[in-house]
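Trainee: Please find one structure pasted underneath; my questions will follow.
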Amino acid sequence: MNFEFSDEQLMLREQARGFLAQHCPPAVTRNVLESDADYDAELWQNVADMGWMATTIPEQYGGLGLSYYELAIIAEELGRVVAPLPFSSSVYLATEAILQFGSEQQKARWLPLLASGEMIATVAMTERPGQLSEHSISTRFHEDTLTGQKQPVADSAISTLIIVLAKNADDELVLCACDATHPTVVHSSLRSLDFSRGHSAVQFNSSPAEVLTGKTTDWASIQELLDRAAVLVAWEQLGIADVALEQACEYAKQRYAFGRPIGSFQAIKHKLAGMYVKNTLARSNAYFGAWALAIGSDQLPLAAATARVAAIQASVYAAQENIQTHGGMGFTWEFDCQFYYRRAKLLSLAIGSERYWQDRLVTGLNNQTPNAA
Amino acid sequence: MDFNDTAEEATFRNEAAAWLANNQLTAAETQGLNRLQIAKLWQKRKHDAGWACLGWDRKFGGRGASAIERVIWDQEESKYDVPSRFFVIGQGMIGPTIMAWSTAEYCERFLPKLASGEEVWCQLFSEPAGGSDLAALRTKAEQDGDEWILNGQKIWTSGAHYSDYGLIVTRTDPSVAKHKGLTVFMIDMHSPGIEIKPIKQLNGESDFNEVYFTDVRVPDSYRLGSVGQGWQVCLTTLMNERLAIGGGGPGADVKLAIDIARTVEINGKPAIEDSAVRAKIAEYHVLEAGLKYNGYRAITALSRGELPGPENSIGKLVGAPKLQSIASFCMDLLEEHGVLWDEAQPLFDGLAQRSYMGAPGLRIAGGTDEIMTNIIAERVLGLPQDPRADKGIAFSDIPTGGH
């Protein structure tokens, strides 16, 4: 039994933590939060220099050819610092979509640019409020052009490539790649809960596009794309959950009320222990998700949904109770508690809500549980 | 990450599995024996082949096995329906305490018979006045030459009625602070003056006893640690409790909930299709899977020679309330039929009802939910202890609310 990262992987974690402590202190996230910028371009370049976007891209396409364990570790560290970067859009979703659905020629064209960080890409799926499904897609792909509107699309204004979920003339699902900078593609900035990440409404007006032709697109394959992203987003959420707990503990030890540290009151103590329990369960479930993703297990649908649900619960709870533990100071603009509160909810809605993943979890469980004799 | 054994672990597992496959008790051997006699027979067989108390030194009846080998053995043994609960407290908690605090002579006297199952031990800690606040115990021990005279009452003692020996913590000095006036002894449970009464639990079963002590004499040589050092001795026992108490056998779980939800209907459709039912099942699976993979991480740490720490309190803290909640949920799915607990026509083996009725005890035994939460907060997260109203006060001056 070896249910732990390797020594090299644990070293990567240490290295990533040290790197981000230097290059992404809270002031970097705050700068993006307080400006009109969608991301921190200098940080993106620094992270690209570290090769993080290239992690799982095969060497033949200019990547590092490492495993999803390494990417999970990087995701957790980016979560801990609430990095103001389009990393999840470009790496967990767009790069993954091209890896899975792209033709050989398409991979050779885009993956090297994504690996080096020269290209930022994103994925555009949802169009209207409510659950994403094959019934909720109206954007059309017809005669090599896209027409329709997607919103919200994360990071589209800084992307040069958008992977768009659309339907063709025969009403079949297709994933199309579209030049995000083409004049017919109109990005209208939308304010979101987390202004350290940019969001837009994207209008496609007969915009030139091409179908990713490596693999047939059906709803099941889209769900698989989401499953894979769910594991990586779960690790990012885990980073948020842990930092929120650490901050809450630190504050509870220092802050005195009624003549004693507030962390000595069971009302606070039990709250923080509750955060620890949720975080620990989420971490163990995320380990299993990383394993299933890394080895390509057929248990991935259940493993990913379990990791995702646990990570949503842990990160949202930790972020909100961190503020509660800080009292009034936690509700101020000056304190960093808001970063985690914003980002935890953003990531919890990014690729399907808790309810969506609970449903998917039970589908996976039902498929894996034999009928009682 | 991989879930496979190392080469050495695989060799050990094969050896254990082969022995287990070839040495099960036969129906002829167990005919006419009660559960305790069967357990003793099985323990003796394991002991004689070198499969008892695996982590103990050979001279005490063990085999000097590593922590991961113990886990592997437990995994293999749990594939069989073998009786073992009679020895969990003695071998898991008391044996290590004797090893840490007693003389070489007594280790050689008591440990081998504990390992072979010949002698059964019980733990006499809790009292009516001292549960979560264990150190509030009042059973008195007074020195009389080479002996001590014990008077008082213990409660929640598992197996007192079939135990040969016990480990008892007593108050030897009420004039000093609570934790300072305690002393621990080994005690012969057949001594004159010991009276044992079973406690009938709310589920109708009797797993525990009250034990009364009236002028019971214990030799001074049976003392563990020095006079007044009892609290430290108790901590050795309690630290091992974390390792000794396992999952607690079959109970209501996600599999049961799915079985029921596939069978019963809501609005004319299988309950498993109902979104509220699905959300609940997902919640429970997150807990169950989280604990399972936590266990894998703990085993990995053991395999690397790391010792389990207070973070392992999470298993019982999450598992016991989850059992209670999922049992209740399973009964809800059955609607009014959920109340039925009839052995003649059990619904889904009566597992939900049995778990529901047993779960309140699990949330209390071996550290209540609240105490486990304090342990996580204080020992894992490093939060400060509550200020205590009894701190620095002589035990005899501590308010008791009239008890």
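Trainee: Within region A:159-194, work out how many residues are more than 20 Å from residue A:128 (Cα to Cα) and open to solvent by less than 40 Å² (accessible area, probe 1.4 Å). Please lay out each step first, then the result.
Mentor: Initially, region A:159-194 is screened for residues more than 20 Å from residue A:128 (Cα to Cα), giving A:159-161, A:169-170, A:177-184.
Pick out the ones that are also open to solvent by less than 40 Å² (accessible area, probe 1.4 Å) and you get A:159, A:161, A:177-178, A:180, A:184.
Residues meeting the conditions: 6.
Trainee: A further question on this structure: Against the definition (within 21 Å of the chain's Cα centre (by Cα), within 24 Å of residue A:301 (Cα to Cα), in a helix (DSSP H, G or I) and modelled with pLDDT of 95 or more), how does residue B:283 come out, yes or no? Spell out how you get there, then give the answer.
Mentor: On the way: within 21 Å of the chain's Cα centre (by Cα): no; within 24 Å of residue A:301 (Cα to Cα): yes; in a helix (DSSP H, G or I): yes; modelled with pLDDT of 95 or more: yes.
No; evaluated as a whole, the condition is false for this residue.
Trainee: Moving on to the next point. Just a yes or no: is a residue in region B:88-97 open to solvent by 40 Å² or more (accessible area, probe 1.4 Å) and not in a loop (DSSP other than H, G, I, E, B)?
Mentor: Yes: one or more hits.
Trainee: If you don't mind, another one. Given the criteria touching a residue at least 60 places away in the same chain (Cβ under 8 Å) and hydrophobic (A, V, I, L, M, F, W, C), does residue A:120 qualify?
Mentor: Criteria met by residue A:120.
Trainee: Quick check on region B:234-251. Is at least one of its residues in contact (Cβ under 8 Å) with a residue 40 or more places away in the chain, surrounded by fewer than 18 Cβ atoms within 10 Å (Cβ to Cβ), under 28 Å from residue B:140 (Cβ atoms) and β-branched (Val, Ile, Thr)?
Mentor: The answer is no; no qualifying residue exists.
Trainee: Still on this structure, I have one more. Take residue B:173 and decide whether it is of a type in the set (D, E, K, R), more than 22 Å from residue B:133 (Cβ to Cβ), modelled with pLDDT of 95 or more and not in a helix (DSSP H, G or I).
Mentor: no
Trainee: Got at least one residue in region B:303-314 being hydroxyl-bearing (Ser, Thr, Tyr) and crowded, with 17+ Cβ neighbours inside 10 Å?
Mentor: The answer is yes, given that some residue of region B:303-314 is hydroxyl-bearing (Ser, Thr, Tyr) and crowded, with 17+ Cβ neighbours inside 10 Å.
Trainee: So which residues in region B:262-279 are open to solvent by 20 Å² or more (accessible area, probe 1.4 Å) and more than 9 Å from chain A (Cβ to nearest Cβ)?
Mentor: B:264, B:265, B:266, B:267, B:268, B:269, B:270, B:273, B:274, B:276
Trainee: Take the conditions over 22 Å from residue B:288 (Cα atoms) and either open to solvent by 10 Å² or more (accessible area, probe 1.4 Å) or in contact with a Ser or Thr (Cβ under 8 Å, 6 or more places away or on another chain) (or both) and apply them to residue A:260. Does it pass?
Mentor: yes
Trainee: Looking at residue A:116, is it closer than 20 Å to residue A:56 by Cβ, open to solvent by 40 Å² or more (accessible area, probe 1.4 Å) and either at pLDDT 95 or above or more than 22 Å from the chain's Cα centre (by Cα) (or both)?
Mentor: Here the answer is yes, as residue A:116 does meet what is asked.
Trainee: How do the pairs read when you match residues in region B:285-303 that are facing chain A (nearest Cβ under 7 Å) with residues anywhere that are outside any helix (DSSP H, G or I) and surrounded by fewer than 21 Cβ atoms within 10 Å (Cβ to Cβ), using Cβ under 8 Å and keeping only pairs 6 or more apart or on different chains?
Mentor: Correct list of pairs: B:296/B:3; B:297/A:4; B:300/A:2; B:300/A:4; B:303/A:2; B:303/B:6.
Trainee: Are there any helices (runs of 4 or more DSSP H) wholly within region B:309-381 with 2 or more residues that are assigned by TED's automatic domain parsing to the domain that holds residue B:250, and if so which? Walk me through it before giving the result.
Mentor: Working: elements: B:314-333, B:351-362, B:369-375.
Output list reads B:314-333, B:351-362.
Trainee: Please find, among A:272, A:300, the residue that is open to solvent by less than 30 Å² (accessible area, probe 1.4 Å), assigned by TED's automatic domain parsing to the domain that holds residue A:237, at pLDDT 95 or above and over 28 Å from residue A:220 (Cβ atoms).
Mentor: A:272
Trainee: Now a separate question. For region A:26-52, name all the residues that are open to solvent by less than 30 Å² (accessible area, probe 1.4 Å) and either assigned to a helix (DSSP H, G or I) or not assigned by TED's automatic domain parsing to the domain that holds residue A:15 (or both).
Mentor: A:28, A:29, A:32, A:33, A:43, A:44, A:47, A:48, A:52, listed by residue number.
Trainee: Filtering region B:139-193 down to residues that are closer than 14 Å to residue B:126 by Cβ and without any contact (Cβ under 8 Å) to a residue 60 or more places away in the chain, which residue is surrounded by the most Cβ atoms within 10 Å (Cβ to Cβ)?
Mentor: Going through the qualifying residues, I end up with B:168.
Trainee: Considering only region A:280-294, state which residues are touching a residue at least 24 places away in the same chain (Cβ under 8 Å) and crowded, with 23+ Cβ neighbours inside 10 Å.
Mentor: A:281, A:282, A:283, A:285, A:286, A:287, A:289, A:290, A:291, A:292, A:293
Trainee: Considering only residues that are of a type in the set (A, V, I, L, M, F, W, C) and either away from every other protein chain (no Cβ under 13 Å) or within 23 Å of residue A:125 (Cβ to Cβ) (or both), which ones fall in region A:223-240? Write out each step before concluding.
Mentor: To start, the set of residues in region A:223-240 that are of a type in the set (A, V, I, L, M, F, W, C) comprises A:225-226, A:229-235, A:238, A:240.
Hits for region A:223-240 are A:225, A:226, A:229, A:230, A:231, A:232, A:233, A:234, A:235, A:240.
Trainee: Now a separate question. Which residue out of B:205, B:142, B:195, B:210 is in a loop (DSSP other than H, G, I, E, B) and either modelled with pLDDT under 95 or not assigned by TED's automatic domain parsing to the domain that holds residue B:56 (or both)?
Mentor: B:205
Trainee: Then there's this: Only one of (1) open to solvent by less than 50 Å² (accessible area, probe 1.4 Å); (2) within 14 Å of chain A (Cβ to nearest Cβ); (3) closer than 26 Å to residue B:199 by Cα is not met by residue B:370, so which one is it?
Mentor: Result: residue B:370 fails condition (1) only.
Trainee: Working only within region A:11-20, note down all residues that are open to solvent by less than 70 Å² (accessible area, probe 1.4 Å) and under 21 Å from the mean Cα position of the chain (by Cα). Please lay out each step first, then the result.
Mentor: At the first step, the residues of region A:11-20 found to be open to solvent by less than 70 Å² (accessible area, probe 1.4 Å) are A:12-13, A:16, A:18-20.
Hits for region A:11-20 are A:12, A:13, A:16, A:19, A:20.
Trainee: What tally of residues in region B:1-17 results from selecting those that are closer than 14 Å to residue B:74 by Cα, open to solvent by less than 60 Å² (accessible area, probe 1.4 Å) and either away from every other protein chain (no Cβ under 14 Å) or not in a helix (DSSP H, G or I) (or both)?
Mentor: 2
The values are calculated or read from the model by the stated rules, or taken from the named source; none is laboratory data. None of the values given here were measured: they were computed from a predicted structure. Note that we place each Cβ from the backbone using ideal geometry, even for glycine, and neighbour counts take in every protein chain shown. Just the protein is used for accessible areas: all its heavy atoms, side chains included, with ligands, DNA and RNA removed. Shrake-Rupley method; radii C 1.70, N 1.55, O 1.52, S 1.80 Å.
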